[in-house]
Structure formats: structure tokens, C-alpha cells
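What follows is a single structure, written as C-alpha cells, with notes after it.
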Amino acid sequence: MRTYVLNRLLLIVPTLLGVASLVFVIMRVIPGDVTLLILGGDQAGRVDAAQIAAMKHRLGIDQPLLVQFGTWLWGVLRFDFGTSLWSGRPVVEELLIRLPLSLELAFAATLVSVLIAIPLGMLAAMRQDTWVDYVIRVISLGGLAIPSFWVGILCILLLVIYFGWGPPLEFTPPWVDPWANFQQMVWPVVTVGYRYAAVTTRMTRSTVLEVLREDYIRTAWAKGLREGAIVVRHALKNAMLPVITLIGTEFAFLIGGLVVTETVFTLNGVGRFVVDAVAHRDYPVVQALVFLIAFGFVVVNLLVDLTYAWFDPRIRYR
Amino acid sequence: MATHVLSHAPAAAALAPRRTVRQEILKFVRTKPLGAAGILIILGMLGVAAVADVLAPYDPYHGDYGAQFARPSAEHWFGTDEFGRDVMTRVMYGARIALFVGFTASLAGCTIGGLLGAISAFLGGKVDLLLERLMDVLLAFPQLILALAIASILGPAVQNVVIAVAIPIIPRAARVVRATALSVKENVYVEAVGALGATRRRVIVQHILPNVVAPYIIMLTAQLGGAILAEAALSYLGLGAAEPTPSWGLMLSGSAPSYAEKAPWIALFPGIAISLAVFGFNLFGDSLRDALDPKLRGR
């Protein structure tokens, strides 16, 4: 087990280094000069060359690319992601302002979807090829088909037309005013959570179906156990492994969901921040966000793999 | 032992009744009604896209300022937008872009990914290690941000969206095909044909590749819906097709939410079109997976 954990930990290093290099290169290749965007220029859009040079020097982007990359990596190792070129504030500070909203959205969407998806997936598997199964499958396929930004637009549309409700402009943390926070977050959570629930329902259904055909389940039936006991005690425990994996791999999709949902509901979270940062060519912000998301993705997947190995001894000894 | 099994194979095949194409289709419809519904949706969408010029009642680009925000009526079935353009016409033409991006992006992504996965599995060693790390990097890189960056580098155009949507598909396809190729390589029959003196090329082409085709096709159909959704999301964020191209995602961005109260139909119909198209491809993909996967066959 120790060798397995060590191997998996070692593999994180090249992955993160690759992500860091890729995002650095991509941000330098994107057309558009951040200094021109900041300076704006005169009415005709002209900017003095000396002004540009001074601004580049101030932002530290006049250095050779390798030096810039090295400086940035050294900063990352010390958890210093630099300063936003656009606002002039430390990137970590900018992120901390927006992180509670995005984390709350992500966790609430995951929690809601798991609470809905696992019972629904089990029910669909237990009643395979009946109308119950068909209804659950169609609802979950709908969750994969309907774009989350459209669900968001529809939510706003219905709420505005029928209830005269508009999304609050400022985020209220749950510890300040739980009711105001609930009102603000409930629809974005539904928007992100529907897709997540759909994926988890399908995975639960298919794994429970596979497990239900195992010999030990047939033995449990032969022993005269009740259906509930067989499904909950014998099938669900074994069917949960792929579902746990899915929660890890869906993390990347969750970030995508946050980007569009925060845009639709005009929430000032990390997702919207990254779209604005790409548009503003704010290199340090995009680099930091991509690195942290990739880090989160790698860590979540490592934890999932370790959970998997802990549950299933065959993986450990391979 | 191997000769014994092989000598029975032709006899078993001769005994099995051969079904005609019509019978095969009827069996698919009977056993996979949801898959058949998916095929119907896809065929309908392909038909609309192919004959949009003939079917569409108006020009998708032509605005009529006298008919701005017209409600759905006999004249404009889906109403008109803020420029007085017919929404139904634009939804019909939008099917072309969605299908083009969906098919080309998933085909390119799955083929490149599938080839890389197969090379990784066959060659093994350092090549496998290197390609696997590259796929790890692409998987860990947030998909939408990668697409955003690619679209920003190449500019907002339909063909650039294809590249932006295809790249995130590559590592997923590579993983699936590599895993399948590795498990096929370990099978006893592959070892047996090798022992019988079959060349490496014969083993790969005749015995390994046919077994990798099924997961490749499943992956391809599974990615089609996702590619259409990704195109819509990119266009919605302003990084897909540029105005006045009739792209479904673009039709939902900008003015659609602003006029939601006054003219909800502008946001309603393109959204239904996206959902229906992705729904059709997902239904079909699911049933195809069930039909091709021996473990799920007959369930």
C-alpha cells in the first residue's frame, strides 16, 4: 500500500508541472497586450511606446519568458501566486473574496445531487425496464442534455415573470444571513446540481445493475433475505466504488458548470472571475486559477484512488 | 484445446439464423425503444439541417425592424428576435452548426485520442509513460478554460470552436482505448495466435483492433452530445460563432436574457433545440453501448 501511495504521489509532480507550463505558454500565445488594455490610450487608441515599456517593467512582463516562468513557479512553491495585473492586488486575496461563494455552490450542488441521485439510481436498477426505470432514465438523460446556462436562464425567466424576483446583486454568506443566502443560492445550486445528479443517477443505476447479477446476490435471494436488505446491505456497498470515482472525475466538469452558472446568475465567484481574467489577459490570475483547479482535481482523484484501493484489496497488491 | 474450439466456431455460426437488416432494425426498436427514439430525433435534426434552405420560411440573417419581438403566430411560429429575424428559421439553420461542430469535433477528438491510446498500449515502456503523463495534464487542465483559451487564441469562428471542443475529448478517448487495448492484449486468444506464428501486424489488425472498435464507437456517440453542449456554452460565453451566425448558443447569449421578460420565446426555442439534439444523441449512444457491450447485451 505504501509503494502504491508513493507512486501515485510522485505522478502528481509531472502532471502539475505540465499544467503549469501549458497554462503559462497558452496565456503568452493569446493575442492582445495587457499593457494596452490597461493603458487604454488616447481617443484614437494610440499609446506612447515609453509608457508601454514603463508599464511592462512595472508589471514584470518585460523579463525573458523563462525568467518569468521560473519566478512564477518559485512563487507557487511558496504559495505566492503574484499580483493581479488588472487590480494590482495579490491573486490569493482576490481569490479569497470569491472562493466562499464558489465553494458553497460546488458543495451544495454535490450534496443535493448525491442525496437525490443514489436513491433514484437504486430504484431504477431495482425496477429495470419498468415505467419507473424509464421515467428516471429520461429525467437523468434530460439533465445531461439540457445546458446548465439554459436551466439558469429559465429559472430567472420564470422567477422574474411569475414572482417578480431578481437575483440579489451582492453575495451574503450563510453565517451572516442564512435566509438571504438560501434565496440567492438555491437556483444556482439547482442549475449546477441537476447535471451532477443526472450523471450520478446513471452511474448508480448501471453499477447496481451489474452487482445485482453477481452470484453472492443470488445466494442472498436464496437465503430468503428481503429486497431492501439485499440492495442496501449487499449491492449498494459494492456499487458505490465507481460512484465515488465519478464524484472525483466530475470535479473538472463542476468547474465548467460554475463558469456558466455564475455568468448567468451574475454571481461574483471564481468561475466568472476566470472568464474575466482570460478576457483581460490577467496572466497571474489565470495561471493561479488553472494551477489550483488542476491541483484540486489531482488531489480529489488521488483521494478517490486511495479510497478505491482501501475498499478493494486487489488494487493495492497489483 | 484452441483447435477444438476453433473447429466448432464455423458450425455454430452456420446454425445461427441470419437476420435481414429489416429484422435487425425491428429487433433494435423492440428491445431498445429509447434508442429508437434517439435515432428518430437525430434523423429529424439531420433532415432539418440538410433542407433548411427549402424548409425555412425566412432568411436567417435578414432583420425586419417592423416585426421586432413578434409573438409566436401563424406567420412566425417561434416569434422574432430584437432585430425582427424569424427565430424558427435561425433555429433550423442552427442545426447545421451544431451538427457540424458535434460530428467533426467528436470524430477528430476520438480518433486522435484513440490512436494515441492504441499507440500507448501497443508500444508500452517510455512512450506509454510519456503519453500517459501528457493525457494526465490535459485531463487535469480545466476543460472549459482550455476551450476558452483556445477560442481566444484562434478567434471566434465555427472552425476554431471545433478545435477548442475536440482537444478536451482527446485524453478521454485515449484513456478508454488504451485500457481496452491493454486488456485485449492480455487475452489468451491473442497469446494463442501469437504462439501459432501470426505476425505482429496480423495480431494487431485482425485480433486487437476489432475489439477496440466497439469502445471507440461508444465513445464517439457519447461525445457527440457533449460536443454540441460545449459549442453552445462557448458561443454563449461569446467565444464561439460570431454574430450574426445562427448558432443556438449564441442565440441564447447577450440579448436573450435581457429580453426574457418581454420576449421569452427568444431564449426558449434555441434552448429546446440544444436539449433535444443532445438528448437524441445521448439516447442513441446509451442504447448503442448496451447493444455493443457483451456484458450489457440482452439486459
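The values are calculated or read from the model by the stated rules, or taken from the named source; none is laboratory data. If you're wondering where the values come from, they're calculated on a predicted model, not measured in any experiment. Note that we place each Cβ from the backbone using ideal geometry, even for glycine, and neighbour counts take in every protein chain shown.
Structure data summary
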read-out: Residue list for segment B:176-207, filter: closer than 13 Å to B:ALA118 by Cα and of a type in the set (Gly, Ala, Ser); value: B:ALA179, B:ALA181, B:SER183
read-out: Single unsatisfied condition, A:VAL286 versus (1) assigned to a helix (DSSP H, G or I); (2) at pLDDT below 85; (3) of a type in the set (Val, Ile, Thr); value: (2)
read-out: All helices (runs of 4 or more DSSP H) inside segment B:66-163 with 3 or more residues being farther than 20 Å from B:ARG175 by Cβ; value: B:87-123, B:143-154
read-out: Failed item in (1) surrounded by fewer than 17 Cβ atoms within 10 Å (Cβ to Cβ); (2) modelled with pLDDT of 80 or more; (3) out of contact with any Lys or Arg (no Cβ under 7 Å at 6 or more places or on another chain), with A:PRO14 passing the rest; value: (3)
read-out: Qualifying residue in segment A:264-274 (condition: more than 12 Å from the chain's Cα centre (by Cα), within 10 Å of chain B (Cβ to nearest Cβ), farther than 30 Å from A:LEU123 by Cα and crowded, with 22+ Cβ neighbours inside 10 Å); value: yes
read-out: Flag for B:SER73 being hydroxyl-bearing (Ser, Thr, Tyr) and touching a residue at least 60 places away in the same chain (Cβ under 8 Å); value: no
read-out: Out of B:ALA198, B:ALA241, B:ALA227, B:ALA291, sole residue that is within 23 Å of the chain's Cα centre (by Cα), surrounded by fewer than 20 Cβ atoms within 10 Å (Cβ to Cβ) and hydrophobic (A, V, I, L, M, F, W, C); value: B:ALA291
read-out: All positions within segment B:244-288 that are of a type in the set (Val, Ile, Thr) and over 21 Å from the mean Cα position of the chain (by Cα); value: B:THR245, B:ILE266
read-out: Given (1) surrounded by 19 or more Cβ atoms within 10 Å (Cβ to Cβ); (2) part of a helix (DSSP H, G or I); (3) at pLDDT 85 or above, number of the condition A:MET55 does not satisfy; value: (3)
read-out: Scope segment B:210-243; condition aliphatic (A, V, I, L, M) and free of Cβ contacts under 8 Å to residues at least 40 places away in the same chain; matching residues; value: B:VAL213
read-out: Index of the failed condition, B:VAL203 passing every other in (1) aliphatic (A, V, I, L, M); (2) farther than 28 Å from B:ILE41 by Cβ; (3) within 14 Å of chain A (Cβ to nearest Cβ); value: (3)
read-out: Any chance B:ALA214 is over 19 Å from the mean Cα position of the chain (by Cα), more than 13 Å from chain A (Cβ to nearest Cβ) and farther than 21 Å from B:GLY94 by Cβ; value: no
read-out: Selection status of A:THR201, under 30 Å from A:GLU227 (Cα atoms), surrounded by fewer than 22 Cβ atoms within 10 Å (Cβ to Cβ), of a type in the set (S, T, N, Q) and within 14 Å of chain B (Cβ to nearest Cβ); value: no
read-out: Filtered residues of segment B:142-174 (kept if closer than 14 Å to A:LEU22 by Cα and either more than 13 Å from chain A (Cβ to nearest Cβ) or modelled with pLDDT of 85 or more (or both)); value: B:ILE167, B:PRO168
read-out: Residue check, B:LEU139 more than 13 Å from B:LEU234 (Cα to Cα) and either within 13 Å of another protein chain (Cβ to nearest Cβ) or more than 19 Å from the chain's Cα centre (by Cα) (or both); value: yes
read-out: Residue that is surrounded by the fewest Cβ atoms within 10 Å (Cβ to Cβ), among those in segment B:102-131 that are within 14 Å of chain A (Cβ to nearest Cβ) and either more than 24 Å from B:PRO210 (Cβ to Cβ) or of a type in the set (Gly, Ala, Ser) (or both); value: B:LYS126
read-out: Per-region count, segment A:148-173, residues under 20 Å from the mean Cα position of the chain (by Cα), within 17 Å of A:VAL190 (Cβ to Cβ) and touching a residue at least 24 places away in the same chain (Cβ under 8 Å); value: 4
read-out: Filter result for the condition that a residue is farther than 18 Å from A:GLY257 by Cα, touching an Asp or Glu at 6+ places or on another chain (Cβ under 9 Å) and not small (Gly, Ala, Ser), over A:MET126, A:MET122; value: A:MET126
read-out: Test: residue in segment B:49-66 that is surrounded by 18 or more Cβ atoms within 10 Å (Cβ to Cβ), under 30 Å from A:ASP129 (Cα atoms) and either modelled with pLDDT of 85 or more or acidic (Asp, Glu) (or both); value: no
read-out: Wholly enclosed helices (runs of 4 or more DSSP H) of segment B:221-292 bearing at least 1 residues out of contact with any Cys (no Cβ under 6 Å at 6 or more places or on another chain), modelled with pLDDT under 85 and away from every other protein chain (no Cβ under 11 Å); value: B:255-258, B:265-292
read-out: Of the criteria (1) more than 10 Å from every other protein chain (Cβ to nearest Cβ); (2) out of contact with any Ser or Thr (no Cβ under 9 Å at 6 or more places or on another chain); (3) more than 23 Å from B:LEU250 (Cα to Cα), which one A:ASP282 fails; value: (2)
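Residue by residue, here is whether (1) more than 13 Å from every other protein chain (Cβ to nearest Cβ); (2) crowded, with 23+ Cβ neighbours inside 10 Å; (3) not aromatic (Phe, Trp, Tyr) holds:
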{"residue": "A:SER113", "(1), (2), (3)": "yes, yes, yes"}
{"residue": "A:ILE116", "(1), (2), (3)": "yes, no, yes"}
{"residue": "A:ASP129", "(1), (2), (3)": "no, no, yes"}
{"residue": "A:TYR134", "(1), (2), (3)": "no, no, no"}
{"residue": "A:ILE146", "(1), (2), (3)": "no, yes, yes"}
{"residue": "A:TRP150", "(1), (2), (3)": "no, yes, no"}
{"residue": "A:ILE161", "(1), (2), (3)": "no, no, yes"}
{"residue": "A:GLY164", "(1), (2), (3)": "no, no, yes"}
